[in-house]
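Data block below; observations after.
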Amino acid sequence: MSTTVGDLLRIKGSKVETITASETILEGIRRMNEKHIGCLAVVTQAGKLSGILSERDVLWKVIAEAKSPKTHLVKDAMTPLKQMKTVTPSQTVEECMELITGRRHRHLPVLEGGKLVGMVSIGDVVKFLLDAQQATIQSLEKYITGTF
Ligand SMILES: NC(=O)c1ccc[n+]([C@@H]2O[C@H](COP(=O)([O-])OP(=O)(O)OC[C@H]3O[C@@H](n4cnc5c(N)ncnc54)[C@H](O)[C@@H]3O)[C@@H](O)[C@H]2O)c1
């Protein structure tokens, strides 16, 4: 049976680091730095997802344009919801990998009934699939050598 995003979140945790569109890019950079993450979910005052602010957004739309992170706002650089992909807890980790590699999305917010319930990154998916493959290899080795 395939592993789902919900299974991954149970291991990884479901806390999502967020920012609002009216905060500055500098605040966003500081928050990413403090949490050692490359992306923030952009939410409304009511906590509804409206997009993401990624390191790449900051690099391409702020730094490369010689704009000041102190004065420019998250809404000026964020990737809006309509330009990105989200997943639900019932989707599989393999489906996430397809979205990440096929559509070049590094982060996938997880929505359940429209509510933000997690964030999955390329690193999470790669680590999870590698661990699963490693476990399969080990059990096959044990089977072949008769040590199971
Ligand atoms: N050892 C692990 O468990 C693990 C897991 C993920 C990533 N990594 C490593 O971290 C580095 C960068 O990872 P990345 O490219 O996947 O992205 P990243 O640096 O944005 O993500 C790092 C971790 O933070 C989480 N994260 C990111 N944004 C979040 C947010 N807004 N709210 C809550 N959690 C958030 C991700 O899900 C991931 O678990 C890579 O070198 C990767 O291999 C390691």
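The values are calculated or read from the model by the stated rules, or taken from the named source; none is laboratory data. These figures come from a predicted structure and were not determined experimentally. All Cβ positions, glycine included, derive from the backbone under ideal geometry; neighbour counts span all protein chains shown. Heavy atoms of the whole protein, side chains included, go into the accessibility calculation; ligands, DNA and RNA do not. Shrake-Rupley method; radii C 1.70, N 1.55, O 1.52, S 1.80 Å.
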Odd one out for GLY28 among (1) open to solvent by 40 Å² or more (accessible area, probe 1.4 Å); (2) in a helix (DSSP H, G or I); (3) within 16 Å of the ligand (Cβ to nearest atom); (4) touching a helix residue (DSSP H, G or I) at 6+ places or on another chain (Cβ under 7 Å): (1)
All positions within region 35-52 that are more than 21 Å from GLN83 (Cβ to Cβ) and either under 14 Å from the mean Cα position of the chain (by Cα) or within 12 Å of the ligand (Cβ to nearest atom) (or both): LYS35, HIS36
ARG103, sole failed condition from (1) open to solvent by 60 Å² or more (accessible area, probe 1.4 Å); (2) within 13 Å of the ligand (Cβ to nearest atom): (2)
Residues (of a type in the set (D, E, K, R), farther than 19 Å from SER68 by Cβ and more than 9 Å from the ligand (Cβ to nearest atom)) located in region 1-25: ASP7, ARG10
Qualifying residue in region 67-89 (condition: open to solvent by 30 Å² or more (accessible area, probe 1.4 Å), closer than 19 Å to THR4 by Cα and either among the hydroxyl-bearing types (Ser, Thr, Tyr) or in a helix (DSSP H, G or I) (or both)): yes
